[in-house]
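What follows is a single structure, written as structure tokens, with notes after it.
The values are calculated or read from the model by the stated rules, or taken from the named source; none is laboratory data. Worth saying up front: this structure is predicted, and the values here are computed from it rather than measured. Cβ placement follows ideal geometry from the backbone for every residue including glycine, while neighbour counts extend to all protein chains displayed. Side chains are part of the model used for accessible areas, which takes the heavy atoms of the whole protein and leaves out ligands, DNA and RNA. Shrake-Rupley method; radii C 1.70, N 1.55, O 1.52, S 1.80 Å.
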Amino acid sequence: MQDVSSSDHPNRLKTPESRSYHHGNLKASLIEAGVAALAHTEADALSLRQLAKELGVSANAAYRHFADKDALLTAMAAEGFRLFAAAQAASAHGLAHAEDRLKASGRAYVAFAQAHPALYRLMFQRMDQVMADPALMAHCSGGGMAVLLEATSGLVGAPMDDERVRVAAAASWSLVHGLSSLAQGGQLAIFGLPLNDLINRVLSMPVSFQQAVSSLQPPSD
């Protein structure tokens, strides 16, 4: 069984010590520096001027790429969704069965939230802003939704745009997002079980979408 807290995450974020500024790529470097800083601080505490200083450039140079900190935070959220999607896709890659792909991507979802709590919170706080910007949506490849829909489509045996697939995908998303949020808030401690063991056991439960989806009724007019 794969542990959701595994340290060999395919998209571990760079530490502040490992980041560097490459001439001509200041925008990406500011995003990377901001994302890395979330390993030890919350998004509200970030300063665009301070990030510029750490990278050895002027504040004016940073403001040529981002009008203000708000714009930077939204770009950071999009980068978070890109890493998030890549982690889920990597975890499901090569698995033959749709149920295995769905479970693996679910474990990657919760693992990412556990490994990068401040970034995870920022991502969902700014999800609406990211979705409203076509360029940011293209950058983050849909934030992992394609992985979820593809695996669910395989389980249900219907196209990704089928209503039953979307309902089943919503149920899967609710499970992993709920687990992630409860784990971050400490509420799962109420069950008196080791956190990672509890999460792994929940995510390893059999998926019975075929039966559940067959009971879905078409929307009434």
Check: Among the residues of the stretch 125-168, which ones are modelled with pLDDT of 90 or more, touching a Leu at 6+ places or on another chain (Cβ under 7 Å), surrounded by 18 or more Cβ atoms within 10 Å (Cβ to Cβ) and not β-branched (V, I, T)?
Finding: R126
Check: Quick one: what pairs do we get from the stretch 84-105, first residue among the basic types (K, R), second assigned to a helix (DSSP H, G or I), C-beta under 8 Å, 6+ apart or different chains?
Finding: R101/A92; R101/V147; R101/E150; R101/A151; R101/G154; K103/L203
Notebook entry, point to check: With (1) at pLDDT 95 or above; (2) in contact with a Leu (Cβ under 6 Å, 6 or more places away or on another chain) as the list, and Y21 as the residue in question, which single condition is left unmet?
Noted result: (1)
Checklist line | Tabulated pairs, the stretch 115-133, first under 12 Å from A75 (Cα atoms), second among the hydroxyl-bearing types (S, T, Y) and at pLDDT 95 or above, C-beta under 7 angstrom, 6+ apart or interchain | finding: R126/T74; Q129/T74; V130/T74
Check: Looking at A67, A89, A96, A71, which one is among the small types (G, A, S), modelled with pLDDT under 95, in a helix (DSSP H, G or I) and open to solvent by 10 Å² or more (accessible area, probe 1.4 Å)?
Finding: A89
Next item on the list: Pull up the stretch 169-201, narrow it to residues that are crowded, with 16+ Cβ neighbours inside 10 Å and among the β-branched types (V, I, T), then point me to the one that is farthest from A113 (Cα to Cα).
Entry: I199
